[in-house]
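Student: Okay, here's the structure, questions in a sec.
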Amino acid sequence: MALVGTINPTFTNAFSKVFSITASAASSALTISASALTLDFRSNPLTSGTITTVSGTPANLVISSGSTLGTVSAQQSRIVVIALNNAGTIELAAVNISGGTQLDETNLISTTAEGGAGAADSASVVYSATARTSVAYRVVGYIESTQATAGTWATAPSTIQGYGGQALAAISSLGYGQTWQSPSRALATTYYNTTGKPIFVNINYALSATGGHGCDFIVAGVTIVTMRNNASSSGNFPLSTIVPPGASYILNAASSGSISSWLELR
């Protein structure tokens, strides 16, 4: 049995162009807008490989006062701006990159209405003016900002970056444009990955020969590594993990012990 498929070879240079977006903070709200767009969207359903070309200027998306999008007070966040294909009309949506939402443009996404009442508070939810179900999308840019109080959009974004196609996936990949660094880190202190990319953390933890000593490495509230020794073991013990963009990470000591070295690929 042969598998037969067709692909519509229509190109609009969407991968090479950089999309123009704007974002501004006023009255404790964040307003996101985009210029006129012409975009190729994948088909819906996923079983078809054809594309649909849509043109238009989307309406502004307002993240209302009180809506945190899962951001953390006094910590830099990266909000990804998305263009949705709603039956031939381009609409804007936004999601916090720390939520781990798949954004490689090979899937369909569903959104939740922002609501306008300051209750859009999840990093793992894509928000738009009106809720949409299983629609094709394109990543068109991102916004970085640090707000003193999460949900009170009072400080102008530090970075507004338009993107085309898979540029976001390329520059957000682990190891791309990153170097090994030795940041100052302490036990029982929460840190945040504000780089906009995954980082790799490698730690050597010094254990004594007394039984019961060890540590727990926690990322985004999930215990990734638990280490305990017995009465006869001592020395430096390695632990490492990947920390997603925007995620918190902390090394808690179960009892006595110390950090011998802490390196981050960032």
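Student: Please find, within segment 31-54, the residue that is nearest to the chain's Cα centre (by Cα) out of those that are free of Cβ contacts under 8 Å to residues at least 24 places away in the same chain and closer than 20 Å to Y163 by Cα.
Tutor: Step by step, filter segment 31-54, then rank; the result is S35.
Student: For residues that are surrounded by fewer than 16 Cβ atoms within 10 Å (Cβ to Cβ), within 24 Å of W180 (Cα to Cα) and at pLDDT below 90, tally how many sit in segment 227-252.
Tutor: Adding up the residues that qualify gives 3.
Student: Take the residues in segment 165-186 that are among the hydrophobic types (A, V, I, L, M, F, W, C) and either modelled with pLDDT under 70 or open to solvent by 70 Å² or more (accessible area, probe 1.4 Å) (or both), then tell me which one is farthest from V95 (Cα to Cα).
Tutor: The initial filter retains those residues of segment 165-186 that are among the hydrophobic types (A, V, I, L, M, F, W, C), namely 167-171, 174, 180, 186.
Imposing the further condition that a residue be either modelled with pLDDT under 70 or open to solvent by 70 Å² or more (accessible area, probe 1.4 Å) (or both) reduces the set to 167-171, 174, 180.
On the way: A167: 17, L168: 13, A169: 15, A170: 18, I171: 18, L174: 20, W180: 29 Å.
Among those that are among the hydrophobic types (A, V, I, L, M, F, W, C) and either modelled with pLDDT under 70 or open to solvent by 70 Å² or more (accessible area, probe 1.4 Å) (or both), it is W180.
Student: Out of T106, T68, I need the residue that is in a loop (DSSP other than H, G, I, E, B) and under 16 Å from the mean Cα position of the chain (by Cα). Which one?
Tutor: Working: T106 fails: under 16 Å from the mean Cα position of the chain (by Cα).
Answer to the selection: T68.
Student: Looking at segment 95-127, which of the residues that are in contact with a Phe, Trp or Tyr (Cβ under 9 Å, 6 or more places away or on another chain) and of a type in the set (G, A, S) is most open to solvent (accessible area, probe 1.4 Å)?
Tutor: By that ranking, first place goes to G115.
Student: Still on this structure, I have one more. Quickly run through segment 66-116 and pick out the residues that are modelled with pLDDT under 95, within 28 Å of G49 (Cβ to Cβ) and of a type in the set (S, T, N, Q).
Tutor: T101, Q102, T106, N107
Student: Out of curiosity, is R78 among the charged types (D, E, K, R) and either over 20 Å from V135 (Cβ atoms) or open to solvent by less than 30 Å² (accessible area, probe 1.4 Å) (or both)?
Tutor: yes
The values are calculated or read from the model by the stated rules, or taken from the named source; none is laboratory data. Fair warning: this is a prediction, and the values are worked out from it, not measured in the lab. No Cβ is skipped: glycine too gets one built from the backbone with ideal geometry, and neighbour counts run over all protein chains shown. Side chains included, ligands, DNA and RNA excluded: accessible areas come from the protein's heavy atoms. Shrake-Rupley method; radii C 1.70, N 1.55, O 1.52, S 1.80 Å.
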